[in-house]
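*Asks:* Before I ask anything, here is the structure I am working with.
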Amino acid sequence: MKTGGYAMGGRMCTRKDVAEHAGVSVTTVSNVLNHSKEARPEIVERVKKAAKELNYHPNLIAKGLKMNNSMQVGVIISEINNPYFIDVLQGIEEEAAVHGYNVSIFFIKGDIWHKYKDLMGRRFAGVINLSNIPYTQELQTALMKQGAHLVCFDPLVSSQVNFDARPALKELMLKAKEYGHRKLSYAVGFPEEVARQDERVNTYMCAYEELGFEKHPYQLIYGDFPKTSSEQNGVNTARFALAHHCEASAYFAINDMCALGMMSEFSRAGLHVPDDISVIGCDGIAISELVYPQIATIDVPRNEIGRRMMLEIRNAVAGGESTSVTMSCRALFRESLGKAKS
């Protein structure tokens with residue numbers, strides 16, 4: 001009899017124990033648990049049932065040594081309280097669990113270099129950078145020497161997984177034009193040097209001219225993310241716009257949390273969305289649909305982005321080539337985008 005993850009005698013339960021319990025070979029157990037070969041459904045069910053009854057957990061360290069793969073993935077994140085990143089992380093975690101990988105999260109905001117040193121002090125199969133802080137050359141070289149595969153939004157790194165919000169952004173801008181808005185502002189959130197590299201910002205500026213919106217001094221309003229959170233950047237943008245008597249009647253935000261911050265501050269100032277002013281986000285996080293008014297936004301496939309990032313690492317470990325993946329988004333026309341005040 002074996003219980004609680006231990007075989008009789010107090011030793012840890014092994015795949016051999018699972019095989020005996022399920023009445024199959026150790027090879028079959030390995031194939032089922034590693035998803036390396038297909039097995040008949042009834043065999044898969046027996047193996048999984050046996051593993052559950054024995055509370056079997058794979059020895060990831062031993063597995064990693066055997067495969068020359070640490071089975072560890074590091075994820076760099078700069079805004080842990082933003083639901084967008086939680087959704088992406090969920091996708092990473094779900095896909096990692098399928099393939100037996102452990103995920104370690106590194107939250108970088110203040111002491112960036114300390115975290116980078118932590119990363120370099122470990123052996124990762126791959127590192128996923130979800131922050132807007134690029135890999136330094138030192139970090140990139142050190143990680144690649146250790147055999148880590150790098151995945152992020154940056155096209156200059158090993159694998160890039162990104163989303164294309166440009167068509168959806170132009171659709172929302174066109175709708176704003178149809179609603180009579182003549183001047184727009186974009187709450188970029190990032191400092192100017194970072195914002196220049198963001199395709200959404202470049203698309204906005206091109207579409208602004210293409211669609212014939214009127215020029216004004218505050219077409220772009222910058223922030224200081226990640227020093228300041230997305231929602232606080234939204235609050236700061238609204239305060240700046242009000243203090244400088246910005247004439248924009250519709251504000252686009254770099255993400256939904258930034259849009260929420262703007263809506264909150266405009267409301268404090270006595271302005272109503274969308275009757276007095278329109279606000280448009282980007283991400284499609286769940287809260288954008290739960291607030292009133294619901295936020296017009298761009299629906300980004302957050303969970304799928306996370307899954308694909310993890311698959312890029314899995315593919316690299318298996319000897320596959322680096323790839324660049326871009327996922328499409330869709331415009332969500334909701335209540336926060338209304339007709340311009342006459």
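Values in this text are rule-based calculations from the coordinates and carry no lab data. Fair warning: this is a prediction, and the values are worked out from it, not measured in the lab. Glycine also receives a Cβ, built like all others from the backbone with ideal geometry; neighbour counts cover every protein chain displayed.
*Asks:* With a Cα-only, solvent-free Debye model of the stretch 15-58, what are the log10 I(q)/I(0) values at q = 0.18, 0.29 Å⁻¹?
*Replies:* -0.39, -1.05
*Asks:* Work from the charge dipole of the chain (Cβ charges, +1 for Lys and Arg, -1 for Asp and Glu, about the Cα centre) and give the residue of L332, V279, L139 farthest towards its positive end.
*Replies:* L139
*Asks:* Continuing with this model, one more query. Would you be so kind as to identify which of I221, V88, S322 lies farthest towards the positive end of the dipole of the chain, taking Lys and Arg as +1 and Asp and Glu as -1 on Cβ and the Cα centre as origin?
*Replies:* S322
*Asks:* Based on Cβ point charges of +1 for Lys and Arg and -1 for Asp and Glu, what charge dipole magnitude is obtained for the chain about its Cα centre, in debye rounded to the nearest 20?
*Replies:* Magnitude of the dipole: close to 1180 debye.
*Asks:* Could you tell me the relative contact order of the chain? Use alpha-carbon pairs under 8 Å, at least six residues apart, and round to a whole percent.
*Replies:* With pairs under 8 Å counted, the relative contact order is 17 percent.
*Asks:* May I ask you to derive the relative contact order of the stretch 15-58, considering only C-alpha pairs under 8 Å and at least 6 residues apart, and to give it as an integer percent?
*Replies:* 41 percent
*Asks:* As an exercise, find the ratio Rg/Rh for the stretch 198-250 from alpha-carbon atoms, using the Kirkwood inverse-distance average for Rh.
*Replies:* 1.00
*Asks:* Within the set K175/K227; K215/K341; K183/K341, which residue pairs have Cα atoms separated by over 23 Å?
*Replies:* K175/K227, as the Cα separations exceed 23 Å there.
*Asks:* Taking amide H positions as placed 1.01 Å from N in the peptide plane, with prolines and chain starts having none, which residues 5 or more places from I280, or on another chain, fall under 5 Å of its amide H?
*Replies:* When sequence neighbours closer than 5 places are left aside, the close amide H contacts are Y251, F252, A253.
*Asks:* Considering Cα pairs under 8 angstrom that are at least six residues apart, work out the relative contact order of the stretch 164-301 and quote it in whole percent.
*Replies:* Reported relative contact order: 24 percent.
*Asks:* Something else about it: Placing unit charges on C-beta atoms (Lys and Arg positive, Asp and Glu negative, everything else neutral), compute the dipole magnitude of the stretch 164-301 about its Cα centre in debye, rounded to 20.
*Replies:* The calculated dipole for the stretch 164-301 is roughly 280 debye.
*Asks:* Quick check on the chain: of the DSSP beta bridges with both residues there, what percent are antiparallel, nearest 5%?
*Replies:* In the chain, DSSP labels about 15 percent of beta bridges as antiparallel.
*Asks:* Moving on. Semi-axes, largest first, in whole Å: what does sqrt of 5 times each Cα gyration tensor eigenvalue give for the chain?
*Replies:* 47, 21, 17
*Asks:* Follow-up. Could you identify which residue out of R40, R307, R15 has the top mean-square fluctuation in a GNM of the chain using Cα springs shorter than 10 Å?
*Replies:* R40
*Asks:* Separation of the stretch 156-210 and the stretch 303-329 by C-alpha centroid, Å?
*Replies:* 25 Å
*Asks:* To continue, here is another question. With everything on Cα atoms, drop me the angle between helix 199-210 and the longest principal axis of the chain, reported from 0 to 90° to the nearest 10.
*Replies:* 30 degrees
*Asks:* How big is the equivalent ellipsoid of the stretch 136-263 along its three axes, where each semi-axis is √(5λ) from the Cα gyration tensor, reported in whole Å from largest to smallest?
*Replies:* 32, 18, 11
*Asks:* Moving to a separate point now. What order do you get for T27, T237 when you list them from fewest to most C-beta neighbours inside 10 Å?
*Replies:* With the fewest neighbours first, T27, T237 line up as T27, T237.
*Asks:* For V194, V291, which order do you get if you count the other beta carbons within 10 Å of each Cβ and list the fewest first?
*Replies:* Lowest count first: V291, V194.
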